[in-house]
Amino acid sequence: MEVKQMNAREQIVRVLEEVFEHGAYSNIALKKMLEHSQLSDKDRSFVTEVVYGTVARKITLEWYLSHVIEDRTKLDPWVYYLLMMSLYQLVYLDRIPDHAIVNEAVRIAKSRKEGSEKFVNAILRKLLREGLPAVDTIKRKNKRYSVQYSLPVWLVKELIEEYGEERACAIFKSLYQRNKSSIRVVDLSEKEKLAQELEASASLIASSALVKDQGHFAAHSLFKEGRITIQDESSQLVAPALDLQGDEWVLDACAAPGGKTTHIASFLTTGKVTALDLYDHKLKLIQENANRLHVADKILTKKLDATRVFETFGPDAFDKVLVDAPCSGIGLIRRKPDIKYNKESVDFVSLQAIQLAILDSVCQSVRKGGIIVYSTCTIIGKENFEVVDRFLKSHPNFEQVPLDHKRKDILENNCILITPELYESDGFFISCFKRIL
């Protein structure tokens, strides 16, 4: 993608083409574009905001445009994305004058295809002149919430059924609060000092975490020195759930990119953690994180499908096991909005089968008295509580270990369940089992 000569808005349209036409992840497409651009820091921030905002509000923007465009299939795709991007600015950004947004869209259209500028100008000016259609006129409730919060109808329905309408709406609204920057402090004795240095505050849910409204920690010298690492505060509760004493042999069955692996390693003295993944480049990422955080001597990496743990390692191989399972990722929507558009409806039955297959394999390699922590970054019960129930029913040699936390609103059925509206973190689930026979 040649982007050096394009201005900020032209580059936004190119990224949206990559995402919506070619199925690229917005964060990867955006990063690739920014790496090859010569934009100022101010323009880079603007591009980032508009790309993520347009992707996040896609369903809402499409609904608005459907009232002024008869047949979008007759348009060049880039024209439609230019309109989406421009409408996002008109509706959600206050600092840019409307005429400037329209004029820039017209200029981009003319530069890409002579004549298209007239259509773009007419559509945007009609929306400004007539105003936006009212979402509250949509009669069907699930459709109305879908358009209002830019969520697929199936997900609206799923979350309302699971949490009730009031809490589901609170979750929907929370997805549009700006995502906090969250880091894990490697040496907790430095936490107070680093909080002052970084102008960050202590997390309400994870003792190892500092949070800030916004911050680019990956470029900070503390990150490069391995004194901090980027990790959402909710996921920092996983390693402590293993109740590590320091001398255990631990398995991280689904380890990449290694945030939880390195956190586990920080608790070990004579023990080791074996980190598995299916792909070499992801194992390399784990190793790079381990080196940066000075825990590489505690970590062994192995290329392996987690459903083949028992046939590879045999019985009684590990004291503790973490299964941070493949899941729908619904808890990450705030910072990964593409997730909600990836499928018309997530196949929870297939996901649950994979999750149980991994648990069934690793549980045979846990020593008597050992524990398994099962975690996901989803808030859907079919991937969480149902998996716990099914595992325990089919494995009577395991019992559930009740988890506790000072924040009682994240405890449910002896598990930890954090939904995004509670602490403005990722949605997350953690449970724990102990082998008793």
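Rounded, prolate or oblate: which fits region 87-205, taking a ≥ b ≥ c as square roots of the Cα gyration tensor eigenvalues, rounded meaning a/c under 1.5, else prolate when a/b beats b/c? Working shown, then result.
Numbers: a/c = 3.29, a/b = 1.44, b/c = 2.29.
Oblate, since a/c reaches 1.5 and b/c is not below a/b.
Taking just the C-alpha trace of the chain, give me its Rg and Dmax in Å.
Calculated on Cα positions, Rg and Dmax stand at 23.7, 75 Å.
If one takes the longest principal axis of the Cα atoms in the chain, at what angle in degrees, from 0 to 90 and to the nearest 10, does the Cα axis of helix 8-22 lie?
60 degrees
Mean 1/r over all different Cα pairs, inverted: what Kirkwood radius does region 46-154 give, in Å? Mind showing how you got there, number by number?
Working: mean 1/r = 0.0691 Å⁻¹.
The Cα-based Kirkwood calculation yields 14.5 Å.
Give me the accessible area of V153, 1.4 Å probe, in Å² rounded to the nearest 10.
Spelled out: V153, probe radius 1.4 Å, area about 60 Å².
Percent of accessible area on the chain owned by carbon and sulfur, 1.4 Å probe?
Working: 9840 of 20310 Å².
Within the chain, the accessible surface is 48 percent carbon and sulfur.
With both bridge residues required to lie in region 158-316, what share of the DSSP beta bridges run antiparallel, to the nearest 5%? Show your work: numbers first, answer last.
Values: 9 of 18 bridges.
Here the share of antiparallel DSSP bridges comes out near 50 percent.
Given N residues in region 132-197, what is its alpha carbon radius of gyration divided by 2.2 N^0.38 Å?
On the way: Rg = 18.7 Å, N = 66, 2.2 N^0.38 = 10.8 Å.
Normalised Cα radius of gyration, region 132-197: 1.73.
Keeping all protein chains in position, work out how much accessible area F267 exposes to a 1.4 Å probe, and write it in Å² to the nearest 10.
80 Å²
Angle, helix 41-56 long axis vs. longest principal axis of the chain, Cα atoms, 0 to 90°, nearest 10?
It works out to around 80 degrees.
Among the DSSP beta bridges whose two residues both lie in the chain, what percent are antiparallel, rounded to the nearest 5? Before the final figure, lay out the partial values.
On the way: 23 of 41 bridges.
Roughly 55 percent of the beta bridges in the chain run antiparallel, per DSSP.
Which value, in Å² rounded to 10, gives the accessible area of V106 with a 1.4 Å probe and all protein chains present?
Rounded to the nearest 10, that gives 30 Å².
Classify region 308-437 as rounded, prolate or oblate from the Cα gyration tensor: take a ≥ b ≥ c as the square roots of its eigenvalues, call it rounded if a/c is under 1.5, otherwise prolate when a/b beats b/c and oblate if not.
On the way: a/c = 2.24, a/b = 1.45, b/c = 1.55.
Oblate shape, in that a/c is at least 1.5 and b/c is the bigger or equal ratio.
Name the shape class, rounded, prolate or oblate, that the alpha-carbon gyration tensor gives for region 156-249, where a ≥ b ≥ c are the square roots of its eigenvalues, rounded holds for a/c under 1.5, and otherwise prolate holds if a/b is larger than b/c and oblate otherwise. Please report the intermediate quantities before stating the final value.
Numbers: a/c = 2.81, a/b = 1.53, b/c = 1.84.
Here region 156-249 falls in the oblate category.
May I ask you to order 237-250, 328-341, 218-231 by the average number of other C-beta atoms within 10 Å around their residues, highest value first?
Numbers: 237-250: 19.6, 328-341: 21.4, 218-231: 15.7.
Highest mean packing first, the order is 328-341, 237-250, 218-231.
Would you mind getting the accessible area per residue of the chain, heavy atoms of the protein chains only, 1.4 Å probe, in Å²?
Per-residue value: 46 Å².
When the chain is treated as a GNM, springs tying every alpha-carbon pair under 10 Å, which of K180, K139, K303 comes out with the largest mean-square fluctuation?
K139
Which value in deg cm²/dmol, rounded to the nearest 500, describes the helix-derived mean residue ellipticity at 222 nm for the chain, given -39,500 (n - 2.57) per DSSP H run of n ≥ 4 and division by the residue count?
Result for the chain, helices only: -14000 deg cm²/dmol.
Counting only pairs 8 or more residues apart or on different chains, how many lysine pairs in region 99-255 have their Cα atoms under 24 Å apart?
Pairs that pass both the separation and distance tests number 21.
The values are calculated or read from the model by the stated rules, or taken from the named source; none is laboratory data. Keep in mind that this is a model prediction, so the values were computed, not measured. Neighbour counts run over all protein chains shown; Cβ positions are idealised from the backbone, glycine included. Just so you know, the surface numbers come from the protein's heavy atoms only, side chains and all, with ligands and any DNA or RNA stripped out. Shrake-Rupley method; radii C 1.70, N 1.55, O 1.52, S 1.80 Å.
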